[in-house]
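Student: Questions regarding the structure given below will be posed in turn.
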């Protein structure tokens, strides 16, 4: 994997759009999707890096759109699957390895714009292509091309559909009681008291 210490060229961006089968209205959104926070931090040293110039916000948007498209596709293509099976399959599509493979096929690992100091460490980052792929999808949403995301992702699902057997097992929380207490505090605004867990009439 080679991480660019400089910006991808207009030709690079043009080739990527050809591989995606789309044309951005605002090319700046695609460039932002390829911009890791280390590149922005290098341009704005001293902790003054504007977070909105890197890919993070677009990745958030792309992740949400991806979940929506995957859920709808699975609902219609898996008519006999249970809710639990659909949930497991959806997680498979949203996990890093599936998105990473799509990003690598598009050549995103050759186009990422990162700071020189962070590029070496980024090469072995398992989340790098996953986040960048989500950011590219988010850039399309921000570019008012949500229908293109739908077409691209459903095409991927048709061509690279994992089976239920490949779905990841649910992650076990290392401290389930602590997790429950955190959830209670988040919703109630205070830590639970001993009688909060009492069952039956009080």
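Student: Please go through region 48-75 and pick out each residue that is at pLDDT 90 or above and more than 16 Å from the chain's Cα centre (by Cα).
Tutor: As a first pass, look at region 48-75 and keep what is at pLDDT 90 or above: 55-75.
72, 73, 74, 75 - these are the residues of region 48-75 that are at pLDDT 90 or above and more than 16 Å from the chain's Cα centre (by Cα).
Student: Considering only residues of region 98-113 that are part of a loop (DSSP other than H, G, I, E, B) and touching a strand residue (DSSP E or B) at 6+ places or on another chain (Cβ under 7 Å), which is surrounded by the fewest Cβ atoms within 10 Å (Cβ to Cβ)? First the steps, then the outcome.
Tutor: Going residue by residue through region 98-113, those that are part of a loop (DSSP other than H, G, I, E, B) are 106-107, 111-112.
Remaining after also requiring touching a strand residue (DSSP E or B) at 6+ places or on another chain (Cβ under 7 Å): 111-112.
Details: 111: 24, 112: 27.
That would be 111.
Student: State which residue is nearest to residue 115 (Cα to Cα) when the search covers only region 10-47 and only residues that are over 20 Å from the mean Cα position of the chain (by Cα) and at pLDDT below 90.
Tutor: Ranking the qualifying residues of region 10-47, first place goes to 42.
Student: In region 138-159, what count of residues is obtained for those that are touching a residue at least 12 places away in the same chain (Cβ under 8 Å) and in a helix (DSSP H, G or I)? Working first, answer last.
Tutor: From region 138-159, those touching a residue at least 12 places away in the same chain (Cβ under 8 Å) are 138-146, 148-154, 156-157; that's our starting set.
Now narrow it down to the ones that are in a helix (DSSP H, G or I): 138-142, 146, 148-154, 156-157.
Here the count works out to 15.
The values are calculated or read from the model by the stated rules, or taken from the named source; none is laboratory data. Computed from a prediction, not measured in an experiment: that's the story for all the values here. Ideal geometry is used to build each Cβ from the backbone, glycine not excepted, and the neighbour counts take in all protein chains shown.
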